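Participant: First, the structure itself, so that you have it in front of you.
Any read-out appearing in this document is the output of simple, stated calculations on the displayed coordinates, not a laboratory observation. Bear in mind the structure is a predicted one, so any value in this text is a computation, not a measurement. Because the Cβ atoms are built from the backbone with ideal geometry, glycine has one as well, and the counts that use them run over all protein chains shown.
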Amino acid sequence: MKLFASSWLVWPWHSRAVLVVLAAMAWLLWVAISPASLQELDERSTDYLWRITASETPERRIIVVDIDDASLAQIGPWPWPREVIAQLTRKLDHQGVGLKLFDIVFTDERSGSIELSHALAARDGDSPSVLAQVFALRNESQLRLGALAGAVAGVGCQTPSVPAQGFIANAYGLHDRVGHITPTLDRDGAVRQIPGFVCSDEHIYPSLTLAGLAALDQPALAPPRAPALFPIAGIGPWQPAWQLPSPILPGTLIGMDAQGQIRIPYGIARSAWTSISAVDVLHDRVPANTLNGAWVIVGASAFGLADAVPTALGGAVSGAEVHAQLLAAMLDNAVPYTPRAAGWLQFGYVLLVLVCLLMLVARRPLRERRAVVLLPVAAAAFALLGFTLHAAALLHANWFVGWSSAALAICLVGGTLAVGEHARSLFEKGRLYRNLSSYVPSPVAEKIALTEPTSEIEARRSDVTVLVADLQNFSRYCEALPPEDAARVLHRFFSTAATIIQAHGGVVEEMVGDNLLAVFNGPLACENHPFKALTVARELQLRCSEELPNTAGIGLEPLSISVGLESGMALIGSFGPARRRVHTVLGQTVTIALRLQGLTADLAYPVLVGQSAAERIGLLGEQSDLALKPLGSFLLPGLKQPCKIFTLRTLLQTGGMAEQSTLRYLNQQHKNIVT
């Protein structure tokens, strides 16, 4: 992971390309595993679109004659006698109806069929009647009942059509004008498409609405001519896979997909339809001129007839309303279709959004944590824009382009890039924090990273132990040897000293020149901090001294480690303007520690401990190998009051050179005071 993040910082666009490829692979996997889920999202969102945009303008051109519960209550239970249906047909003709579509199948031979047949054909020239038949399209039945009729003459099953396995048709010879009412049910059971043609026994049979248009175009007694219903393949990218010229509206095309399905638009609200009860027609209770010139669909909405299907506008809609919606759309040239270039349109939109997201990624503010949120938000916004474009194309150009596939790709790309950029931001901030913590204490680095810069003093008082360590004779070493050698010595000293200090709970505050300042119980809590600081001082002497180079061969004084430490109150914090601040430790405790370290050269003791630290160590030192011994009272430079100084009892031999040097220093101080 670190390798990937590091490569991202060096080659960010390569890494982003990898993420885009990963998003594309995830999209392909989704499409392969669950393609129906995207199609269902397209359909359900379009259902919502139909519901919120359906026209409330009353529809008078197409009227539903409803065999409702009131009709069954007055006329009798279904099926009605054929004479009643014949009477209903004649009543509609008398009202001046222009076209009669029956969403009803009369399967059996019974009395009154001849009368019904005559009634259906009586006004075929100016008010044709079209019956219905149903096909089994999904192998749900092999039943063949009745006699098929209404096949398109001279056109075989090579045209786009859905194969049928069984059918329920009307009684033989009842009527020649017939159209199928077989819907295509989606996974949720809703009716959104209907096959334009169904193939059975090498003949194709049109839908009820297409058969009705063909009946208006070719009266029964007219001389024979080319078929009124003949689909042609779409050519241009904006045309459907197949298109059917409208038989009665020149220049109007009805689009079909590659499987011959016609999409049903639900552009008219249910409240806008004019529905007349069949019993009112039979009893002449229809207002005058209501049906004159109208196209009528005779269907059933009575509860017991089970002719209700779920659609975009309702969960239980009469099948007659489905055909009415499609017929109205054919009149308005508003039948939606999927253009041949629909896939390329979605692909082009995804590419355009990808460019926008990558441009957004390239902006510097995205390196801030809050700005990384822009990527998924932008991806979601572009996905919703895709739905908006799909809606606009459907409502204004009758294009059903779809949007969910493109939206999924956009969301995957946006999410993947957001995760990658967030990881990059975290890694970059982590690297900055690690680099910062190598210059200032880790707790301080964390605080700096999480707060805004300020010009105010940010400091607090703490009871601490300050340790100051220095390389003695290092300046002469630097003068005699190349700077690279001096740098290696200093690097080794600082590395070893920092490791020892951190292992005992201390924090290195400063590394300046050949001097190191550490604090115990400062930014990090540390129990018994005077004792631990003294332990560190002893380890610095033992370990760092072993690592220092031997300077005897080059005629220089030996390098050595000198340490001064003191305990007491100190001020720890950040100071200076917001554009350039410094973190340090201030107070008399720091001053004493610095003066003690400077005094080590005069006293020849490498470790000097202040009075306050020595008093706190007390018995702890006596019970370990860190016992202290007093060296006397000294007036340190810059201070007004003398203070007692201590050193490690076991670090140097009693009566040795260090003690002799200390006595000489004290005598000299005494003479200066007397003088």
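Participant: Excluding residues fewer than 8 places away in the same chain, name every one of the aspartates and glutamates whose C-alpha is closer than 18 Å to that of Lys429.
Facilitator: Cα-Cα hits under 18 Å: Glu368, Glu421, Glu446, Glu452.
Participant: How big is the Cα convex hull of the chain in projection, averaged over all directions, in nm²?
Facilitator: Its average projected convex-hull area is 48.7 nm².
Participant: Right, something else. Every cysteine in the chain with no other Cys Cβ under 4.7 Å from its Cβ, please list them in numeric order.
Facilitator: So, Cys356, Cys411, Cys478, Cys526, Cys544, Cys643.
Participant: Students often forget the sequence filter, so: which aspartates and glutamates lie under 16 Å Cα-Cα from Lys532 once same-chain residues fewer than 8 apart are removed?
Facilitator: Asp463, Glu566, Glu615, Glu622, Asp625
Participant: If contacts are Cα pairs under 8 angstrom and at least 6 residues apart, what is the relative contact order of the chain in percent?
Facilitator: Over the chain, the number comes to 11 percent.
Participant: Within the range 253-293, which trypsin sites (Lys or Arg not before Pro) sit in a loop by DSSP and count at most 13 neighbouring Cβ atoms inside 10 Å?
Facilitator: Counting only loop positions with at most 13 other Cβ atoms within 10 Å, the trypsin sites (Lys or Arg not before Pro) in the range 253-293 are Arg285.
Participant: Could you give the angle, 0 to 90 degrees to the nearest 10, between helix 374-397's Cα long axis and the longest principal axis of the Cα atoms of the chain?
Facilitator: Approximately 10 degrees, to the nearest ten.
Participant: Along each of the three principal axes of the Cα atoms of the range 465-531, give the extent in whole Å, ordering the values from largest to smallest.
Facilitator: Ordered largest first, the range 465-531 gives principal extents of 43, 17, 16 Å.
Participant: Give the longest segment of the chain that steers clear of chymotrypsin sites (Phe, Trp or Tyr not before Pro) in DSSP loops with at most 14 neighbouring Cβ atoms within 10 Å, not counting the sites themselves.
Facilitator: Looking at the chain, 440-675 is the longest stretch - no exposed chymotrypsin sites (Phe, Trp or Tyr not before Pro) with at most 14 other Cβ atoms within 10 Å.
Participant: Here's something else I'd like to know. For the range 298-362, state the semi-axes of the equivalent ellipsoid (square roots of 5 times the eigenvalues of the alpha-carbon gyration tensor), sorted largest first and rounded to whole angstrom.
Facilitator: Value: 43, 16, 8 Å, ordered largest first.
Participant: Got the relative contact order for the range 451-674 handy, in percent, Cα pairs under 8 Å and 6 or more residues apart?
Facilitator: About 22 percent, as a whole number.
Participant: Any idea which of Pro606, Gly189, Tyr266 is furthest toward the positive side of the dipole for the chain, if Lys and Arg beta-carbons carry +1 and Asp and Glu beta-carbons -1?
Facilitator: Working it through, the farthest residue towards the positive pole turns out to be Pro606.
Participant: Cα atoms only, the range 1-148: Rg and Dmax in Å?
Facilitator: Final numbers for Rg and Dmax: 29.3, 89 Å.
Participant: Using the alpha-carbon centroid of each, what span in Å lies between the range 502-573 and the range 608-632?
Facilitator: If you average the Cα positions of each part, the centres end up 17 Å apart.
Participant: Nearest 5 is fine: what % of DSSP beta bridges in the chain come out antiparallel, could you say?
Facilitator: Close to 65 percent.
Participant: Let me ask something else. Ordered by residue, what ³J(HN,Hα) values in Hz, to whole numbers, does the range 479-484 give under the Karplus form 6.51 cos²θ - 1.76 cosθ + 1.60, where θ = phi - 60° and Gly and Pro are x?
Facilitator: 5, 8, 10, x, x, 5
Participant: What is the helix-to-structure angle for 588-603, meaning the angle in degrees between its Cα long axis and the longest Cα principal axis of the chain, kept from 0 to 90 and rounded to the nearest 10?
Facilitator: Approximately 50 degrees, to the nearest ten.
Participant: Computed on alpha carbon atoms, what radius of gyration and Dmax characterise the range 451-674, expressed in Å?
Facilitator: Both quantities, over Cα of the range 451-674: 17.9, 57 Å.
Participant: Just report the Cα centroid separation between the range 232-287 and the range 96-126, whole Å.
Facilitator: If you average the Cα positions of each part, the centres end up 22 Å apart.
Participant: Could you put Leu210, Leu599, Leu88, Leu143 in order, starting from the residue whose Cβ has the fewest other Cβ atoms within 10 Å?
Facilitator: So the residues, fewest neighbours to most, are Leu143, Leu599, Leu88, Leu210.
Participant: Continuing with this model, one more query. Name the residue farthest towards the positive end of the dipole of the chain from the options Ser275, Leu628, Ser45, assuming +1 on Cβ of Lys and Arg, -1 on Cβ of Asp and Glu, about the Cα centre.
Facilitator: Sorting the options by dipole projection puts first Leu628.
Participant: About the Cα centre of the chain, what is the dipole size in debye to 20, counting +1 per Lys and Arg Cβ and -1 per Asp and Glu Cβ, all else neutral?
Facilitator: Its charge dipole is roughly 2380 debye.
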